[in-house]
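The values are calculated or read from the model by the stated rules, or taken from the named source; none is laboratory data. All of these numbers come straight from a predicted model, not from anything done at the bench. Here Cβ is always computed from backbone atoms with ideal geometry, including for glycine, and neighbour counts include all displayed protein chains. We work out accessible area using only protein heavy atoms, side chains counted, and drop any ligands, DNA or RNA first. Shrake-Rupley method; radii C 1.70, N 1.55, O 1.52, S 1.80 Å.
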Amino acid sequence: NHTLKNKRALITGGSRGIGAAIVRRLASEGVDVAFTYSSSPDRANEIVQAAQALGVQALAIQADSAEASQVIAAVEQTVEKLGGIDILVNNAGVLAIAPIDDFTLADFDRTIAVNVRAVFVATQAAVKHMKEGGRIINIGSANAERMPFAGGSVYAMSKSALQGLVQGLARDLGPRGITINNVQPGPIATEMNPPEGEFAEMLKKLMALPRYGSVEEIAGMVAYLAGPEAGYITGANLMIDGGFSA
Ligand code: NDP
């Protein structure tokens, strides 16, 4: 079943964690993949090799999501090297946690730049090249709707902002046959959110399924949304959170 075969995708933040799993999953379905990273060139290179071993084109692009010019350049490079873009996955994100008295403006600005502004910038650059059937998938968070611990307010705000962005952009892009959706994971085992320790135990107590999700579970939902079967889903904020928000 190669319904995604020969599509071309750009995934932001594909060197580690959820983004790396999305790169691998799309590559396994025959998608030519480009992805960005900011500070992990060795990890990025490993993912390129893993994708190429699956028989597709793969390239890693160093681009800091906080810099709009670098995000635009990454989209342009994807189009140039892969011959177009059919799928954009806005995955790169940062998590800064601090109580209100200590939260710095620099962390506030960086959170908004990477988690929100870059999503808009990449989307604007990509849809210039996308044809009917194009797919934009953002990785939001279950924290957009439930933030059960102190210190996460700015992160939650950044992910709530994606909900409004996705809903509004669905209206812009619908007439062009392009869908845009927001995948909202609960706790997923990555370096951003390690599944061991006190914090993890606290989170597990809040879930219907008392376990962390895997990066592959998120990649599976992204692959579904990228495919032709998902053509009637747009403007949706989709929870995949083990019942964290139930
Ligand atoms: P990780 O920290 O494990 O990986 C983050 C990835 O994003 C890395 O590939 C990193 O690349 C890249 N990245 C970070 N900052 C930048 C930047 N400024 N420019 C370009 N790339 C960047 O995070 P996760 O995989 O856990 O998270 C991925 C997404 O999923 C994020 O948007 C996060 O908010 C969201 N999410 C995660 C959850 C979880 O529990 N893990 C839950 C809900 C949502 P490099 O190393 O090269 O900098």
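Give Arg8, Arg25 a once-over and let me know the one that is more than 8 Å from the ligand (Cβ to nearest atom), closer than 25 Å to Leu95 by Cα and crowded, with 16+ Cβ neighbours inside 10 Å.
On the way: Arg8 fails: closer than 25 Å to Leu95 by Cα.
One residue alone meets the criteria, Arg25.
Could you name every one of the helices (runs of 4 or more DSSP H) located completely within the range 149-246 that has at least 1 residues being in contact with a helix residue (DSSP H, G or I) (Cβ under 9 Å, 6 or more places away or on another chain) and aromatic (Phe, Trp, Tyr)?
Values: elements: 153-173, 198-204, 215-226.
Of the helices (runs of 4 or more DSSP H) lying wholly inside the range 149-246, those with at least 1 residues that are in contact with a helix residue (DSSP H, G or I) (Cβ under 9 Å, 6 or more places away or on another chain) and aromatic (Phe, Trp, Tyr) span 153-173, 215-226.
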**Prompt:** Exactly one of (1) more than 11 Å from the ligand (Cβ to nearest atom); (2) β-branched (Val, Ile, Thr); (3) closer than 26 Å to Ala226 by Cβ is unmet by Ile139. Its number?
**Reply:** (1)
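Considering only residues of the range 127-141 that are touching a Ser or Thr at 6+ places or on another chain (Cβ under 8 Å) and crowded, with 24+ Cβ neighbours inside 10 Å, which is farthest from Ala156 (Cα to Cα)?
Taking the range 127-141 as the starting set, the residues that turn out to be touching a Ser or Thr at 6+ places or on another chain (Cβ under 8 Å) are 134-136.
Of the ones still in play, those that are also crowded, with 24+ Cβ neighbours inside 10 Å are 135-136.
Values: Arg135: 25, Ile136: 21 Å.
Top of the filtered list is Arg135.
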**Asked** Can you name every residue in the range 95-126 that is open to solvent by 70 Å² or more (accessible area, probe 1.4 Å) and β-branched (Val, Ile, Thr)?
**Response** Ile97, Ile100
**Item:** Search result, residues across the range 30-43 that are more than 8 Å from the ligand (Cβ to nearest atom) and open to solvent by 30 Å² or more (accessible area, probe 1.4 Å)
**Value:** Asp42
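How many of the residues in the range 222-234 are open to solvent by 20 Å² or more (accessible area, probe 1.4 Å) and within 19 Å of Leu169 (Cβ to Cβ)?
Step one: of the range 222-234, the residues open to solvent by 20 Å² or more (accessible area, probe 1.4 Å) are 224, 228-229, 231-234.
When the remaining residues are screened for being within 19 Å of Leu169 (Cβ to Cβ), the result is 231-234.
Here the count works out to 4.
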**Asked** Counting only residues that are more than 8 Å from the ligand (Cβ to nearest atom) and either open to solvent by less than 20 Å² (accessible area, probe 1.4 Å) or under 15 Å from Ala226 (Cβ atoms) (or both), how many does the range 44-55 have?
**Response** 3
**Message:** in a loop (DSSP other than H, G, I, E, B) and modelled with pLDDT of 95 or more: which single residue out of Ala66, Ala106, Ala74 fits that description?
**Reply:** Ala66
